[in-house]
Amino acid sequence: MGLRVLGVNASARTDGFTAELLERVLEAARDQGAYTERLDLVKHPFPFCAGNYSLDPAACGPETCVQGPWDGFGPIAERILKADAVVFATPVYWFSVSARLKALLERMTSMENQGLLNLGKPMALLAVAEEEGASQALSQMLLPLAYMGFVLAPLGLVYAHRKGLGRLEENPELLEDLRIAGENLVRMAQGLKGIPFREPLPSHLYPTPPRVAAD
């Protein structure tokens, strides 16, 4: 079996413009021989992160989350972990990612706190909005996912707005951007697969510096 590419749709709609862009990236990945799967977050509800990391970092992990982890988030985490590459796609609501994607990123803390379980995994990021809103939403995805160990594929940032666009075929430049993002995602996953990247210790495992008496 080829590489596994997971597409995460963070829109409230499974047939909207966000899903349409995501499907084009996944189609390009399939053309490169990858097996693809789409995950619509709206079909897989899960509770918000309870912030237990700040109380006990050791209690925040894929097997130690006090909320389960099989509370609805577990099956999502399992599919992300099994994927060789992931495409995250969101509409932009008020200059930000959707609430569903933000909730996902917060729960994904359990996948990096006790070891970067997605270290070196390629990603592509899609946003449905015009320039300013899209740039903010893309950066809101890029920064936390990069800290989790994900690696952005070359030209893996794509944004667009449906305003005035009837069919995707009316925008050949956008279609090319989506195709390139999907192809580069697979090529990067092929090149990085099996590379043992280095990672730091989980922060709560570092030895506590000895206390020094005050003068």
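The values are calculated or read from the model by the stated rules, or taken from the named source; none is laboratory data. Please read all numbers here as calculations on a predicted model, not as lab measurements. Cβ sites come from the backbone with ideal geometry, for glycine too, and all protein chains shown count toward neighbours. In case anyone asks, the SASA skips ligands and DNA or RNA and just uses the protein heavy atoms, side chains included. Shrake-Rupley method; radii C 1.70, N 1.55, O 1.52, S 1.80 Å.
Among the residues of the stretch 34-44 satisfying the criterion of being touching a helix residue (DSSP H, G or I) at 6+ places or on another chain (Cβ under 8 Å) and in a helix (DSSP H, G or I), which is surrounded by the most Cβ atoms within 10 Å (Cβ to Cβ)? Applying the filter and picking the extreme gives LEU41.
Which one of LEU138, LEU152, LEU101 is open to solvent by 50 Å² or more (accessible area, probe 1.4 Å), within 15 Å of the chain's Cα centre (by Cα) and not polar (S, T, N, Q)?
Values: LEU138 fails: open to solvent by 50 Å² or more (accessible area, probe 1.4 Å); LEU101 fails: open to solvent by 50 Å² or more (accessible area, probe 1.4 Å).
Criteria check complete, one pass: LEU152.
Quick check on the stretch 97-120. Is at least one of its residues without any contact (Cβ under 8 Å) to a residue 40 or more places away in the chain and touching a Ser or Thr at 6+ places or on another chain (Cβ under 9 Å)? There is at least one residue in the stretch 97-120 that is without any contact (Cβ under 8 Å) to a residue 40 or more places away in the chain and touching a Ser or Thr at 6+ places or on another chain (Cβ under 9 Å). PRO47 meets the conditions (1) open to solvent by less than 60 Å² (accessible area, probe 1.4 Å); (2) within 23 Å of GLU183 (Cα to Cα) in every case but one. The failed one is (2). Looking across the stretch 80-96 at every residue that is in a helix (DSSP H, G or I) and in contact (Cβ under 8 Å) with a residue 40 or more places away in the chain, the one that is farthest from the chain's Cα centre (by Cα) is identified as LYS82. On the basis of being out of contact with any His (no Cβ under 7 Å at 6 or more places or on another chain) and closer than 25 Å to LYS102 by Cα, does ALA160 make the cut? Yes.
Please find, within the stretch 1-22, the residue that is surrounded by the fewest Cβ atoms within 10 Å (Cβ to Cβ) out of those that are within 25 Å of GLU106 (Cα to Cα) and charged (D, E, K, R). Give the steps one after another, and end with the answer.
First pass over the stretch 1-22, keeping only residues within 25 Å of GLU106 (Cα to Cα): 4-14, 16-19, 21-22.
If we keep only those that are charged (D, E, K, R) as well, we get 4, 13.
Details: ARG4: 17, ARG13: 12.
The extreme case among them is ARG13.
Being out of contact with any helix residue (DSSP H, G or I) (no Cβ under 9 Å at 6 or more places or on another chain), open to solvent by 10 Å² or more (accessible area, probe 1.4 Å) and of a type outside the set (Lys, Arg) holds for only one residue in ASP71, ASP31, and it is ASP71.
How about the stretch 158-186: which of its residues are within 15 Å of ALA28 (Cα to Cα), within 19 Å of the chain's Cα centre (by Cα) and either charged (D, E, K, R) or open to solvent by 30 Å² or more (accessible area, probe 1.4 Å) (or both)? Of everything in the stretch 158-186, those that are within 15 Å of ALA28 (Cα to Cα), within 19 Å of the chain's Cα centre (by Cα) and either charged (D, E, K, R) or open to solvent by 30 Å² or more (accessible area, probe 1.4 Å) (or both) turn out to be ASP177, ARG179, ILE180, GLU183, ASN184.
Between residues in the stretch 187-206 that are farther than 9 Å from GLY120 by Cα and residues that are at pLDDT below 90 and in a helix (DSSP H, G or I), which pairs lie under 8 Å by C-beta distance while being six or more apart or on different chains? Every condition considered, the pairs that remain are PRO202/PRO57; SER203/PRO57; HIS204/PRO57; HIS204/ALA58. A search for C-beta distances below 9 Å between a residue of the stretch 28-48 that is at negative phi and any residue that is hydrophobic (A, V, I, L, M, F, W, C) and open to solvent by 60 Å² or more (accessible area, probe 1.4 Å), counting only pairs 6+ apart in sequence or on different chains, returns TYR35/MET1.
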